[in-house]
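To keep things clear, I will list the structure first and then write my remarks on it.
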Amino acid sequence: GENVEQHPSTLSVQEGDSAVIKCTYSDSASNYFPWYKQELGKRPQLIIDIRSNVGEKKDQRIAVTLNKTAKHFSLHITETQPEDSAVYFCAARPGHDMRFGAGTRLTVKP
Amino acid sequence: DSGVTQTPKHLITATGQRVTLRCSPRSGDLSVYWYQQSLDQGLQFLIQYYNGEERAKGNILERFSAQQFPDLHSELNLSSLELGDSALYFCASSVDLAGYNEQFFGPGTRLTVL
């Protein structure tokens, strides 16, 4: 089955700096890659997603890149703000199920 | 508010017991997914239903079962509970079967097994 690995597990940046979180997947059938943000004690919420026919997608300060050949995708957050502090999960969808990475705890220091 | 509701919010029970978690999807969503999130862990996919039928199975134990009813609400049944089953259980819904649309998560049910 699909195996999604996510790095780093924790990331600390200064406000205004960029943050990059990387994920790799194993199943070449995966064709949909969402990123979720989960604040402490709250539900995961979708922040951006990308399909396998697209290499890059951007939404304001957030961007995701996908390299199908290498089977990896990354989340880029620019001009980080304290409210970006949360746990971020990547996911890959090979079929009807969804496989999540273990999460990255991002801390943005003011 | 995502529009997905889950009850109860909290559940405390003893080992060996059986519990039922309930989820109502967003209006119009036909797919329901169940996930388990243990303390400081990622989201483990358990099972997906689409319009009443099971469509995908993940890391769901044999002690666990689920179903989706004609009104599209879903229930996750956990039996012979063990300490390790303590976790946050999320339900999510989406409009489609293939899942290219956003999955909206409910607030979760926190299960504590003593």
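Of note:
- With both labels modelled 7 Å from their Cα along Cα-to-Cβ, the residue B:38 to residue A:29 distance reads 2.7 nm.
- Cleavage-rule hits, trypsin sites (Lys or Arg not before Pro), the range B:1-30, DSSP coil, Cβ neighbours within 10 Å at most 11: B:9, B:18
- By the compact-protein rule of thumb, 2.2 N^0.38 Å, the alpha-carbon radius of gyration of the protein assembly as shown corresponds to a ratio of 1.01.
- Counting only residues at least eight positions apart within a chain, or on another chain, the aspartates and glutamates with an alpha carbon under 13 Å from that of residue A:71 are A:2, A:5, A:27.
- GluC sites (Glu not before Pro) restricted to the range A:52-109 and DSSP loop, no more than 12 other C-beta within 10 Å: A:79
- Alpha-carbon spread of the range B:3-103, three principal axes, descending order, Å: 36, 27, 24
- Residue-normalised accessible area of chain B, expressed per residue, 1.4 Å probe, Å²: 46 Å²
- Shown is the FRET efficiency for residue B:102 and residue A:61, computed with R0 = 22 Å from the Cβ-Cβ distance and rounded to the nearest 0.05: 0.70.
- Cross-linked pairs A:57/B:57; A:109/B:9; A:37/A:57; A:58/B:57; A:22/A:58: Cα-Cα separations exceed 23 Å for A:57/B:57; A:109/B:9; A:58/B:57.
The values are calculated or read from the model by the stated rules, or taken from the named source; none is laboratory data. Values in this document were obtained by computation on a predicted structure and should not be read as measured data. Virtual Cβ from ideal backbone geometry, glycine too; neighbours counted across all protein chains shown. Side chains are part of the model used for accessible areas, which takes the heavy atoms of the whole protein and leaves out ligands, DNA and RNA. Shrake-Rupley method; radii C 1.70, N 1.55, O 1.52, S 1.80 Å.
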